[in-house]
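The values are calculated or read from the model by the stated rules, or taken from the named source; none is laboratory data. This is a predicted model, so every value here is computed, not measured. Here the Cβ positions follow ideal geometry from the backbone for every residue, glycine too, while neighbour counts run over all protein chains shown. Only protein heavy atoms, including side chains, enter the accessible area calculation; ligands, DNA and RNA are left aside. Shrake-Rupley method; radii C 1.70, N 1.55, O 1.52, S 1.80 Å.
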Amino acid sequence: MLNIDLHTHSRVSDGVLTPAELVRRAHRNGVKMMALTDHDEVGGIVEAKEEAARLGIQLVSGVEVSITWARKTIHIVGLHVNEKDPLLIDRLWHNRDGRKARAERMGQRFAELGVEGAYQGALKYVTNPSLISRKHFARYLVEAGVCPSVNKAFDRYLKEGGPAYIAHRWATLAEAVQWIREAGGIAIVAHPGRYDLSDLAMHEFLNEFRQLGGVGIETVTGSHTPDQYLEYARVADRYGFLASVGSDFHAPGESSIDVGCLPDFPCRVNPVFNHPVFRAIR
Ligand code: AMP
Ligand code: MN
Ligand code: MN
Ligand code: MN
């Protein structure tokens, strides 16, 4: 099977490599086609595309949109969006708005929990001034010796409902799907296994997503266990969704799967790269 990775981050959001470094790493790992899917940002696509063209690999313009659904934070990946679309750029900018105020409140919460200077500490890791994420706090907690790893920082403090978690109101599901579609892209549910939804809520969510025009879900991702690869391949089949693959790579030594180091689909699926939007660039 072709080495394809449709979910990655650069320092334009909360990854640590520049878009060009990320593409070079993917190329070294044998990737033939990849998507850059920064959180609520398409600012790294041009650089990634240039490097991909130089190395002869295909770069899919992507984005990972944060949404709030039933008071939960969920991520919707857009693939093949037009990164130059001014409306998309403006909409994403608005969705990033509020991250700074939220991060300041997280800093206050950490102080109450006995961790001083967390906001300033997290800022040291921020590479896009309009995008401070929980990942930046997690990196600081590791640096400060408060937590042994980024994952442990999420488990102990930062996960939804954790002591340092500050709820935030993102775009709606309908908005995210509309933004992606109006920018020429297709909408995919990122790492569905990571959300704390009941079976019934997940069913409602997937039905609503499909009615709005969503076409796929991630099956093989760095955010799933191998059991979940199969579980969500079956969910994709049941709902008639295309199956997507992506490492969700952020940083060497931090992410569970390196860029372009994904296992094959666990069973027969209808892969997302069979969608007509992929044909245009093949
Ligand atoms: P934010 O957009 O600030 O809510 O932060 C989202 C970031 O946190 C993304 O990079 C996610 O991959 C990361 N993240 C969310 N939950 C976890 C977790 N349990 N373990 C590690 N990273 C996580
Ligand atoms: Mn991230
Ligand atoms: Mn995500
Ligand atoms: Mn991601």
Residue satisfying condition, being within 22 Å of residue 9 (Cα to Cα) and of a type in the set (A, V, I, L, M), within set 123, 113 = 123
Those residues of the range 31-64 which are away from ligand 3 (no atom under 16 Å from the Cβ), out of contact with any Gly (no Cβ under 8 Å at 6 or more places or on another chain) and part of a strand (DSSP E or B), in sequence order = 33, 58, 59, 60
Apart from one, (1) within 16 Å of ligand 2 (Cβ to nearest atom); (2) of a type in the set (A, V, I, L, M); (3) open to solvent by 10 Å² or more (accessible area, probe 1.4 Å) all hold for residue 174; the odd one out is (1)
So which residues in the range 46-80 are over 30 Å from residue 166 (Cα atoms) and aliphatic (A, V, I, L, M), if there are any at all?
-> 46, 48, 52, 53, 55, 57, 59, 60
Checked against (1) within 16 Å of ligand 2 (Cβ to nearest atom); (2) of a type in the set (A, V, I, L, M, F, W, C); (3) in contact with a Gly (Cβ under 9 Å, 6 or more places away or on another chain), residue 144 satisfies every condition except (1)
Residue among 70, 52 that is open to solvent by 30 Å² or more (accessible area, probe 1.4 Å) and more than 16 Å from ligand 2 (Cβ to nearest atom) | 70
May I ask you to list pairs of residues, at least six apart or on different chains, whose Cβ atoms are under 6 Å apart, with the first in the range 128-157 being more than 15 Å from residue 254 (Cα to Cα) and touching a residue at least 40 places away in the same chain (Cβ under 8 Å) and the second being part of a loop (DSSP other than H, G, I, E, B) and hydrophobic (A, V, I, L, M, F, W, C)?
-> 128/12; 157/164
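Restricting the search to the range 1-27, which residues are farther than 24 Å from residue 85 by Cα and either in contact (Cβ under 8 Å) with a residue 12 or more places away in the chain or crowded, with 24+ Cβ neighbours inside 10 Å (or both)?
1, 2, 3, 4, 16, 17, 24, 25, 26, 27
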Sole residue being surrounded by fewer than 21 Cβ atoms within 10 Å (Cβ to Cβ), in contact (Cβ under 8 Å) with a residue 24 or more places away in the chain and under 26 Å from residue 209 (Cβ atoms), chosen from 75, 168 = 168
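Give the residues of the range 88-105 that are touching a helix residue (DSSP H, G or I) at 6+ places or on another chain (Cβ under 7 Å) and either open to solvent by 20 Å² or more (accessible area, probe 1.4 Å) or in the same structural domain as residue 38 (by TED's automatic domain parsing) (or both), sorted by residue number.
Step one: list which residues in the range 88-105 are touching a helix residue (DSSP H, G or I) at 6+ places or on another chain (Cβ under 7 Å), which gives 88, 91, 103-104.
Within the range 88-105, 88, 91, 104 qualify.
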Out of curiosity, is residue 15 in a loop (DSSP other than H, G, I, E, B), within 15 Å of ligand 3 (Cβ to nearest atom) and not aliphatic (A, V, I, L, M)?
-> yes
For the subset of the range 136-164 comprising residues that are surrounded by fewer than 17 Cβ atoms within 10 Å (Cβ to Cβ) and touching a Phe, Trp or Tyr at 6+ places or on another chain (Cβ under 8 Å), which member is farthest from residue 64 (Cα to Cα)?
-> 163
